[in-house]
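Structure first, commentary second.
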Amino acid sequence: MKTALFALALFVHVLAQAQGADIFKGADLALGARLIADNKCAQCHASKVGGDGNTIYRPQGRINTAALLRGMVENCSTQLNLQLFPEEVTAIAAVLNRDHYKFK
Ligand code: HEC
């Protein structure tokens, strides 16, 4: 019984962590950076907000968790028909998190 409770506690803990930036652990940052460059993310964003396009990333805005950030990258890439693999979406989101959002 004690063991079951411990296992449950551990499971809940892992779940809670999965909500945070832990989803980016082990992400291939070099791959993410390359995909961002290859898919002209910044060019299009710059045409909307000016400058280098980076002000489109608003950590204080509606994207306020790591999971939402990843979800947004997924939406954007689906709309753009990029057909990325899940690891590629994670890699892109991890780079954006490192450079802009900084979710823990
Ligand atoms: C064809 C234009 C276009 C391209 C290409 C594009 N985006 Fe976007 N993206 C937008 C626009 C417009 C918004 C703002 C949407 C809004 O605020 O309602 C946006 C918003 C975002 C946001 C949310 C910013 C925030 O904090 O609210 C993320 C993240 C994002 N884009 C990621 C990407 C990534 C990664 C790529 C490349 C794989 C990409 N986008 C390519 C047009 C584009």
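The values are calculated or read from the model by the stated rules, or taken from the named source; none is laboratory data. From a predicted model like this one, the values you see are computed outputs, not experimental measurements. A quick note on method: Cβ atoms are made from the backbone with ideal geometry, for glycine too, and the neighbour counts reach across all protein chains shown. Keep in mind that these areas ignore ligands, DNA and RNA; they rest on the heavy atoms of the full protein, side chains included. Shrake-Rupley method; radii C 1.70, N 1.55, O 1.52, S 1.80 Å.
See the values below:
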read-out: Residues of region 63-80 classified as part of a loop (DSSP other than H, G, I, E, B), without any contact (Cβ under 8 Å) to a residue 40 or more places away in the chain and within 8 Å of the ligand (Cβ to nearest atom), total; value: 1
read-out: Residue check for N97: more than 7 Å from the ligand (Cβ to nearest atom) and modelled with pLDDT under 95; value: no
read-out: Close pairs from region 30-44: first free of Cβ contacts under 8 Å to residues at least 12 places away in the same chain, partner open to solvent by less than 50 Å² (accessible area, probe 1.4 Å) and not in a helix (DSSP H, G or I), Cβ under 8 Å, at least 6 apart; value: Q43/G53; C44/G53
read-out: Given (1) in a helix (DSSP H, G or I); (2) within 12 Å of the chain's Cα centre (by Cα), index of the condition T55 fails; value: (2)
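Residues checked against (1) under 12 Å from the mean Cα position of the chain (by Cα); (2) loosely packed, with under 13 Cβ neighbours inside 10 Å; (3) not in a helix (DSSP H, G or I):
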position	(1), (2), (3)
S47	no, yes, no
G61	no, yes, yes
L82	no, no, yes
E88	yes, no, no
A91	yes, no, no
R98	yes, no, no
F103	yes, no, yes
